[in-house]
Amino acid sequence: AGVALLGVGFIGTRYGPRIRNSWPKMEKQLQGLIGDSRYKGGFQSDMDKYEAGKILGLSSSSSIKRVRDVHKKLMFQNHPDRGGSPYIATKINEAKDYLEKQAK
């Protein structure tokens with residue numbers, strides 16, 4: 001075990017600065033390959049099935065149970081009483097209501 005730790009220490013001191021200095025460049029290259037998964041853009045004034053699906057991360061043909069489960073999870077994470085944004089919570093609720101109406 002001691003020899004393994006000695007080897008890791010040697011490799012870290014020898015190659016650590018190289019990795020540390022090249023990380024920003026590697027990170028940009030990885031983002032270019034993977035892409036940015038975040039949604040770029042704000043909310044629309046009127047809710048539609050595309051936006052409701054984006055907010056909840058579901059398709060417009062999802063079951064009511066699935067919509068309610070995802071809504072519950074998102075509201076637990078974003079509730080205003082827990083430090084979340086009231087605006088975001090409103091949009092999550094609107095998306096749930098819209099998809100529930102579509103499912104009926």
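The values are calculated or read from the model by the stated rules, or taken from the named source; none is laboratory data. Model, not experiment: these values are computed from the prediction. Backbone-built Cβ (ideal geometry, glycine too); neighbour counts: all protein chains shown. Heads up: the accessible areas ignore ligands, DNA and RNA and are worked out on the full protein's heavy atoms, side chains in. Shrake-Rupley method; radii C 1.70, N 1.55, O 1.52, S 1.80 Å.
Results for (1) touching a residue at least 40 places away in the same chain (Cβ under 8 Å); (2) in contact with an Asp or Glu (Cβ under 7 Å, 6 or more places away or on another chain), shown as yes or no for each residue.
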site	(1), (2)
MET47	yes, yes
LYS65	no, no
LYS72	no, no
PRO80	no, no
GLY83	no, no
PRO86	no, no
LYS96	yes, no
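Residue by residue, here is whether (1) open to solvent by less than 100 Å² (accessible area, probe 1.4 Å); (2) among the basic types (Lys, Arg); (3) modelled with pLDDT of 75 or more holds:
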position: LEU5; (1), (2), (3): no, no, no
position: ASN21; (1), (2), (3): no, no, no
position: VAL70; (1), (2), (3): yes, no, yes
position: TYR87; (1), (2), (3): no, no, yes
position: GLU100; (1), (2), (3): yes, no, yes
Across segment 49-87, the tally of residues that are of a type in the set (Lys, Arg) and over 14 Å from GLU100 (Cβ atoms) stands at 3
Give me the residue from segment 27-48 that is closer than 20 Å to LYS101 by Cβ and loosely packed, with under 10 Cβ neighbours inside 10 Å and, out of that set, modelled with the highest pLDDT. ASP46
Filtered residues of segment 49-59 (kept if open to solvent by 50 Å² or more (accessible area, probe 1.4 Å) and on the phi < 0 side of the Ramachandran plot): LYS49, TYR50, LYS54, SER59
Would you pick out the residues in segment 61-104 that are basic (Lys, Arg) and farther than 18 Å from MET47 by Cα? LYS65, ARG66, LYS72, LYS73, ARG82
